[in-house]
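Novice: Have a look at this one.
The values are calculated or read from the model by the stated rules, or taken from the named source; none is laboratory data. Because the structure is a prediction, the values reported are computed rather than measured. Quick reminder, even Gly has a Cβ in these numbers, built from the backbone with ideal geometry, and neighbours come from all protein chains shown. Accessible surface is based on the protein model in full, side chains and every heavy atom, while ligands, DNA and RNA are left aside. Shrake-Rupley method; radii C 1.70, N 1.55, O 1.52, S 1.80 Å.
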Amino acid sequence: MDDRGTPYLRITNLTKHFRVGRGGLLGRKRPVVRAVDDVSFSIARGETLAVVGESGCGKTTLGRLVLRLIEADSGRIEIAGTEIRGLDHRAMQEFRRRVQIVIQDPFGSLNPRMLIGQAIMEPLDIHSVGTAKARRARLAELLDLVGLPQEFAARFPHQLSGGQRQRVGIARALALETDLLICDEAVSALDVSVQAQIVNLLQKLKHERHLTYLFISHDMAIVRHIADHIAVMYLGEIVEIAPKAQLFAAPAHPYTQALLKSVPRARVQERPKLAIKGDIPSPIDPPSGCRFHTRCPHVMQICRSTPPPRTTVGPNHGANCHLLTPALPAAKGQSA
Amino acid sequence: MAVTPLLSVRGLGVSLGRAALIEGVDLDLMMGKTHGLVGESGSGKSVSAMAIMRLLEPRQFRVEAQRITFDGRDLSALGTTEMRRVRGAEISMIFQEPMTALNPVLPVGEQIVETLRVHQGLNRATARKRALEMLEWVRIPAADRRIDEYPHQLSGGMRQRVMIAIAIACQPKLLIADEPTTALDVTIQAQILELLHELQRELGMGILLITHDLGVVAGYADDVSVMYAGRIIETGTTSQIFEHALHPYTQGLLRSHPPVDRDVDELPTIPGTVPQPHERPNGCRFGPRCAHFRQICDQTDPRLMGFEHQHRAACIRPKGYLFDEPLEVSDG
């Protein structure tokens, strides 16, 4: 779906369902969470694709699938042309040097008893990269890269602020030959002034090191600032995908429109619009047909029964909504 | 101000050991109005609210205030029992995470019933009937079924609605909402904010809205106070703060908030981080991070000064680096 040459990351029909709870008496089936359902997209090298959505939309599962921290049920994950789902442990280890993740709460991911310097160098130890001397030089370089003073190497995580810990998380993720960085709500826990610093750091690193980002977030404002392309997820599915400018200028899916309207503007007496009513349904047993139909202001009969197909609404811009289908199923076969 | 404020706080300070958490906090909230208290983590917003509610453990925290008047009474002079009567009945509070504020082993209806029985002395049957009305009032669908469910059976948005139902069960005059929508998804946040706004119109209550989110405040507050490192550094009407911010911190905060409706090249940032209570600098507390820092800022600790009607800021800059009385300016 992308016409910008070979993508660095290409995801095709990726699906992951989780069985939850215990099976009922008499062999009743265990309920299934459809965390990621038939998701496809690609990211060109050096670009940022943001995956946005609310709780339970599957965005975090998606990031973990790409790293193979959890295994997909089906679909393909290609990184730089190689399908990684079939790789054995050793081959995968090689790939992990190039694909890293930064998560929301660096405090939870940093060992509280490990010095910052050790934490940043740990990937180098694990992958046996360089001599002890070379590693120390690399540490100095990494601290510099993320804007931390050298003396922080000898500190413990609890001595750092949230923003500084997130810089450590980024330094560690870049310790190896990282090409693809998955940022899972990487700036969500930070105060706004610090958040801006980290966003700018990520932008700088992307340009300097030609990194490719899969940027997972719930925050449309941050995404607008950082992404080249945006995929909007709802209950395990991508409902709209587009280049950033198109998505903000002409959001096609009613859910995307609602998300944008709900964001509070920092302008006097401008209230976020009450764009949609009702709660996000549980991803266990999601609604039939279009999964958004229970909250959609434009719901039609067909939405309750038939999942909408992907419709192309512009260059590289697609959305799954019956309102956009050029002709209703009765007149199927007409060209778009 | 001609009208007496519903809540009026003067010189509120809280310290923990030798560290002053907040100092000299002044606040005025009118009946039926919303006052937004904004700041980043550690600025002292929640501590201020807890101190007003007298919820801080006295053996741990030292609280002092020139006065905290609520509806004509001095809260700091009330006895423990009287204060308990005020809390929950006349002043209520809702928090960020309703799951930790709700009792997990009690059906949600029971938790409203409990409030009504304690504060209004209703019998069980009447209280339950009223609890059901409350759940309907906060627009919980199928309230007659939800009333017997436990918190874990409800979604985050639904749980916050239950918290609001408990909070307004006794029709309080003042609602303190501490990050009420921070844990919620953005489409649900819009619903909860709108609900609070409608309830405020119906009940005429004052709301002290504590949040880190400038967007939330811009839409819903009448007045805004910005906190930094334990002090209010700017206060005014919402349009004064958002359209004519005077303090460099407020300006920086507004600028570093990425807009969702237009593109910006690079996000302006405020360098450094918020200082911890024990490492606050001498002079202006924002000095080390301030783009307009001058030598004088190290030596003077500016307090709130009036500029326009209601609009006050704790910075010497807006007055041309001068205090009311002449002061030596070391660099031009």
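Novice: Which fully enclosed helices (runs of 4 or more DSSP H) of segment B:28-109 have 1 or more residues being within 13 Å of the chain's Cα centre (by Cα)? Walk me through it before giving the result.
Specialist: Details: elements: B:45-52, B:80-86, B:98-101.
The qualifying helices (runs of 4 or more DSSP H) are B:45-52.
Novice: Identify, by number, the condition in (1) at pLDDT below 95; (2) out of contact with any His (no Cβ under 6 Å at 6 or more places or on another chain) that residue B:207 doesn't meet.
Specialist: (1)
Novice: Somewhere in segment B:74-94, is a residue within 28 Å of residue B:270 (Cα to Cα) and acidic (Asp, Glu)? I'd like the intermediate steps shown before the answer.
Specialist: Just the residues of segment B:74-94 that are within 28 Å of residue B:270 (Cα to Cα), to begin with: none.
No: zero hits.
Novice: What number of residues within segment A:195-220 satisfy the criterion of being within 15 Å of the chain's Cα centre (by Cα) and either of a type in the set (Gly, Ala, Ser) or open to solvent by 10 Å² or more (accessible area, probe 1.4 Å) (or both)?
Specialist: Result for segment A:195-220: 3.
Novice: Assess whether residue B:241 counts as being within 12 Å of chain A (Cβ to nearest Cβ) and under 21 Å from the mean Cα position of the chain (by Cα).
Specialist: Details: within 12 Å of chain A (Cβ to nearest Cβ): yes; under 21 Å from the mean Cα position of the chain (by Cα): yes.
So residue B:241 fits the description; yes.
Novice: Restricting attention to segment B:249-256, does a residue exist that is within 12 Å of chain A (Cβ to nearest Cβ) and basic (Lys, Arg)? Before you say what the answer is, go through the steps one by one.
Specialist: First, the residues of segment B:249-256 that are within 12 Å of chain A (Cβ to nearest Cβ): B:249-256.
After this cut, where a residue has to be basic (Lys, Arg) as well, the list is B:255.
Among the residues of segment B:249-256, at least one is within 12 Å of chain A (Cβ to nearest Cβ) and basic (Lys, Arg), which makes the answer yes.
Novice: From the residues in segment B:254-291 that are over 17 Å from residue A:264 (Cβ atoms) and of a type in the set (Lys, Arg), which one is least open to solvent (accessible area, probe 1.4 Å)?
Specialist: First, the residues of segment B:254-291 that are over 17 Å from residue A:264 (Cβ atoms): B:263-291.
Still in the running and of a type in the set (Lys, Arg): B:280, B:285, B:289.
Numbers: B:280: 38, B:285: 34, B:289: 17 Å².
The qualifying residue least open to solvent (accessible area, probe 1.4 Å) is B:289.
Novice: Given the criterion assigned to a loop (DSSP other than H, G, I, E, B), β-branched (Val, Ile, Thr) and touching a residue at least 24 places away in the same chain (Cβ under 8 Å), identify the matching residue among B:3, B:14. So that I can check it myself, show each step before the final result.
Specialist: On the way: B:14 fails: assigned to a loop (DSSP other than H, G, I, E, B).
Every option except B:3 fails the conditions.
Novice: Something else now. Can you find, within segment B:150-178, the residue that is surrounded by the fewest Cβ atoms within 10 Å (Cβ to Cβ) among those that are within 14 Å of chain A (Cβ to nearest Cβ) and not in a helix (DSSP H, G or I)? Please lay out each step first, then the result.
Specialist: Just the residues of segment B:150-178 that are within 14 Å of chain A (Cβ to nearest Cβ), to begin with: B:152-162.
Remaining after also requiring not in a helix (DSSP H, G or I): B:154-155.
Details: B:154: 20, B:155: 18.
Per the criteria, the residue is B:155.
Novice: Which one of these does residue A:182 not meet: (1) buried (at least 21 other Cβ atoms within 10 Å of the Cβ); (2) in contact with a Pro (Cβ under 6 Å, 6 or more places away or on another chain)?
Specialist: (2)
Novice: Would you confirm, using the coordinates I've provided, whether residue A:241 is farther than 28 Å from residue A:160 by Cβ, away from chain B (no Cβ under 13 Å), buried (at least 19 other Cβ atoms within 10 Å of the Cβ) and within 14 Å of the chain's Cα centre (by Cα)?
Specialist: Numbers: farther than 28 Å from residue A:160 by Cβ: yes; away from chain B (no Cβ under 13 Å): yes; buried (at least 19 other Cβ atoms within 10 Å of the Cβ): yes; within 14 Å of the chain's Cα centre (by Cα): yes.
Answer is yes for this residue.
Novice: Next question. Of the residues that make up segment B:261-272, is at least one under 19 Å from the mean Cα position of the chain (by Cα) and within 13 Å of another protein chain (Cβ to nearest Cβ)?
Specialist: Restricting attention to segment B:261-272, the residues satisfying the condition of being under 19 Å from the mean Cα position of the chain (by Cα) are none.
No - not one qualifying residue is present in segment B:261-272.
Novice: Name every residue in segment A:288-312 that is touching a residue at least 24 places away in the same chain (Cβ under 8 Å), under 23 Å from the mean Cα position of the chain (by Cα) and open to solvent by 60 Å² or more (accessible area, probe 1.4 Å), in order of residue number.
Specialist: A:312, the sole residue that qualifies.
Yes/no per residue for (1) within 12 Å of chain B (Cβ to nearest Cβ); (2) assigned to a helix (DSSP H, G or I):
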{"position": "A:139", "(1), (2)": "no, yes"}
{"position": "A:142", "(1), (2)": "no, yes"}
{"position": "A:151", "(1), (2)": "no, yes"}
{"position": "A:166", "(1), (2)": "yes, yes"}
{"position": "A:169", "(1), (2)": "no, yes"}
{"position": "A:183", "(1), (2)": "no, no"}
{"position": "A:186", "(1), (2)": "no, no"}
{"position": "A:190", "(1), (2)": "yes, no"}
{"position": "A:195", "(1), (2)": "yes, yes"}
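Novice: So, in segment B:189-213, exactly how many residues are away from chain A (no Cβ under 14 Å), in a helix (DSSP H, G or I) and touching a Pro at 6+ places or on another chain (Cβ under 9 Å)?
Specialist: Looking only at that region, the number is 1.
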